[in-house]
Every structure is written in structure tokens, then in C-alpha cells.
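Participant: Below: one structure in C-alpha cells.
The values are calculated or read from the model by the stated rules, or taken from the named source; none is laboratory data. Treat the numbers as computed from the prediction; the structure is a model and nothing was measured. Glycine gets a Cβ as well: all are built from the backbone with ideal geometry, and neighbour counts include every protein chain shown. Side chains included, ligands, DNA and RNA excluded: accessible areas come from the protein's heavy atoms. Shrake-Rupley method; radii C 1.70, N 1.55, O 1.52, S 1.80 Å.
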Amino acid sequence: MLSAINEALVELAQRDPAFFVYGQDVGSPKGGVFGATNLLVSQFPDQAVSSPLNEHLIVGIVAGAGMKDGKARCAEIQFVDYHQSATQTIRLAARFAYQCCGNWTVPMIIRTKSGSGGGGPISSSTVGGGGYGHSNAGEQWFTNIAGMITICPATPFDAKGLLLEAARAQSPVVFLERGRLYRSEPPKESDGTIIAALAEYWHVPEGYYTLPIGKARRLRIGAGPVSVAIIAWGTMVLEACTAAANIVKRVGGAIEIVDLRTLAPFDEEAVATVVKEANRVMVVTEEADLTSFGRHIHSWIVQHCFYDLDATPAFISAVPAPAAPYNAPEEMAFYPSAKTIEQKLEELLGE
């Protein structure tokens, strides 16, 4: 995913000499703390601009540039937890078009690492997280802002295509990049076999392409009628696919995973359709269940799809506590994993 993000930023710089990325250390030879601007620094060094350690300033500069000419620039906030000093500016940017009857818009992209640790899916890695101040999922902070688009890709293919499309939006876009997916390989079944339904999305085309904002992807594991649907995004898509593949291998049938990709606005039609087909559904989120975005999706399903359900929708989240510390065993216990999802799938299938 890091390579895909690097490529997308270079594509944007090639097409617009006024495009830039602004954030802490993004202009360093490494390309920021995670290396997401490494390729941009090497090819377009003037368009990767290191900022002071001031998220309010970072967002304000990028928002102002977008207001001036209607073109999105990119703010990089190292960890989503650090956005909070810029919340007033972010919320104002999102509602500005409404307040001025569309006379002004604030196109901008806020890219930020979110969620737990690094090193790939939780089920296949023992790498620890980023500590209490670096591991929040973050979606709950942005999906409740009217006018804000929130994106959380699960695959490299989606990361590049959605980032390029985000630059075309006239609304501000928060682009949540899961740290565990930066260098992740495709998910695998318990026997080590790569899950084919997702593997193709690790092939990232060269050049420019875009993917639609607000459209989910449906991934089917197995064959025949769908017995359960899982709604997920980011790292949890990989965990859900692993769990589904293991269950299908044992008992047969088919399980469908809906990768939301865009969290706000989310694809209501895709969610409603898959619930109607499966009649059993589970929502899986990396967030702690403290008025989370995942709980909003769960509530939406109950409200809008009640008569299509044969069982109470299941809900899986992280432990309702501060984000996991930099400790691998504790992180394994803190976040949902394929094992957690498998157990809940067995319960749902037994009802």
C-alpha cells in the first residue's frame, strides 16, 4: 500500500505543478516517518514540503490553498490521534460550502496513519502497535462531520485509485491509512493459501486510474447461496476474509464480505442488498465500541433492514479502552482478529 500511495502522489504532481504534500518530515529523503512521500521527494522535491510540528497549521495551509483555486492539496498528519489540534479548521472546511451557499469550496486531502501497529494483518503478525497515542482507529472523529468524505482502503489497488479520485473532490477528504496495511501481503487461509478473492487487488496498475467514492466492494468467499454477510473496512477486511475462508473450508457454502472503502458517505445500497440476500450479518470494526462508526452501521442495518434479518446482527469491535500499547500480546487481545470473527460466524450459522 505504501508503494501505491507513493505512486498516486507522483501522479498528482505530474498533472498539476501546483499540487503539494505538506506535513512533518514529508520533504525528508526518507519521505516522512512511514516513507509515503519518498517517491515524490525523489522526483518532485519542491512539491513535498516539510512543515513545523503544528497540525492546525498543516491543515490550515492546505485548506487555504484549495479555497484559492479549487484544487486539492494534501496534508499529511503522521498519526490520526494528532489531528485534534486542527479539529476546528477541519470542521469549518467541511461545512464552508454550506455556509456560503456554494460560493466557496474547500477541496483538500488529509492523509493520516490510523489504527493499530504495522506488519500486516493481526492474524499473521506479532508486531506491536504504536502506543496509546498512535493507535486509534479514527473514523469516529470524521464520519460525524457533515460535508466530510472519509475513506479507508483495505488494498493497494483501492488506495491508489481512491486517493487519485479524492483529489478530484470539492469536499475535504480524510484518507485513513491503516498502519498494518502499509506493507501487508494478501491475507491467507489457516493453511497458508492466499485468498484468491482479495489477491488480485495487490496488483496495482501503472499510471493514472480512479475508483468511485461512495461505492463498496463485495467479496464472495466460497460457492452457493450466501449464509452470512460481513461489513468491514481497512484491516478488518483482511481479517474477515481469512475467517470466512476458514469457515467455508470447514462447512462449505459462501460468505460475503462488503468492503465499504468509503465510510462517509457509505454505500447504503450495497449493505442493504447483501443483508437481504444473506439474512444474517456481522459488522466488524477496529474501533473501540464507544459510540463508534461501526456501531452506526450496525444501527443503520437494524433500522433499515429489520425485516430481512433472520438473526440479530452481530457486532465485533476492539476492547472499550484506550488504544493498545506497544506490546504484541496485548494488541492481539485488544483488537478483533480472524479467530474472533470465526467464533462469531459459528454462532450466527448455528442460529
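Participant: Picking from 92, 103, 20, whose Cα lies most toward the positive end of the charge dipole for the chain (charges on Cβ: Lys, Arg +1; Asp, Glu -1)?
Facilitator: Farthest along the dipole direction, towards plus: 103.
Participant: Same structure again: Cut-off under 29 Å on the C-alpha distance; same-chain residues fewer than 8 positions from residue 30 excluded. Which lysines are left, in chain and number order?
Facilitator: Residue 30 reaches 71, 113, 160.
Participant: Let me ask another. Among DSSP bridges having both ends in the chain, what percentage is antiparallel? Round to the nearest 5.
Facilitator: On the way: 9 of 44 bridges.
In the chain, approximately 20 percent of DSSP beta bridges are antiparallel ones.
Participant: May I pose another question? How large, in percent, is the carbon and sulfur part of the accessible surface of the chain at a probe radius of 1.4 Å?
Facilitator: Numbers: 7390 of 13870 Å².
After summing per-atom areas, the C and S share lands at 53 percent.
Participant: OK, next. Using only the alpha carbons of segment 190-279, determine the length spanned along each of the three principal axes and report them from longest to shortest in whole angstroms.
Facilitator: 41, 31, 20
Participant: How about residue 344: which lysines have a C-alpha closer than 20 Å to its C-alpha, ignoring those fewer than 8 places off in the same chain?
Facilitator: 188, 249, 276
Participant: Taking the Cβ-Cβ separation of residue 104 and residue 196 as r and a Förster radius of 56 Å, what is the calculated FRET efficiency to the nearest 0.05? Please list the in-between numbers first.
Facilitator: Working: r = 47 Å, r/R0 = 0.84.
According to the calculation, E is roughly 0.75.
Participant: Additional query: Roughly how many debye, to the nearest 20, is the charge dipole of the chain about its Cα centre, given +1 on each Lys and Arg Cβ, -1 on each Asp and Glu Cβ, and no other charges? It would help to have the intermediate numbers written out before the result.
Facilitator: Working: 27 positive and 36 negative charges, 112 e Å.
Computed about the Cα centre, the dipole is about 540 debye.
Participant: How big is the Kirkwood radius of segment 233-299, worked out from every pair of different alpha carbons and given in Å to one decimal? Can you show the working numbers first?
Facilitator: On the way: mean 1/r = 0.0774 Å⁻¹.
When all Cα pairs of segment 233-299 are included, the Kirkwood radius is 12.9 Å.
Participant: With the cut-off at 39 Å, report for the chain the share of all Cα pairs above it, as a whole percent.
Facilitator: Values: 7231 of 61425 pairs.
In whole percent, the long-distance tail amounts to 12.
Participant: At a threshold of 8 angstrom on Cα-Cα distance, excluding pairs fewer than six apart, so keeping six or more, what relative contact order does the chain reach in percent?
Facilitator: On the way: 825 pairs, mean separation 55.9, N = 351.
Answer for the chain is 16 percent.
Participant: Given Cα pairs under 8 Å that are at least 6 residues apart, what percent is the relative contact order of segment 229-300? Provide the component values of the computation, followed by the final result.
Facilitator: Values: 69 pairs, mean separation 29.7, N = 72.
Value for segment 229-300: 41 percent.
Participant: Something else now. Convex hull over the Cα atoms of segment 21-163, averaged projected area in nm²? Numbers along the way, then the final one.
Facilitator: On the way: hull surface 37.3 nm².
The directionally averaged projection comes out at 9.3 nm².
Participant: Could you give log10 I(q)/I(0) at q = 0.12, 0.15, 0.19 Å⁻¹ for segment 244-351, computed by the Debye formula over C-alpha point scatterers of equal weight, without solvent?
Facilitator: Debye intensities relative to I(0), on a log10 scale: -0.45, -0.70, -1.07.
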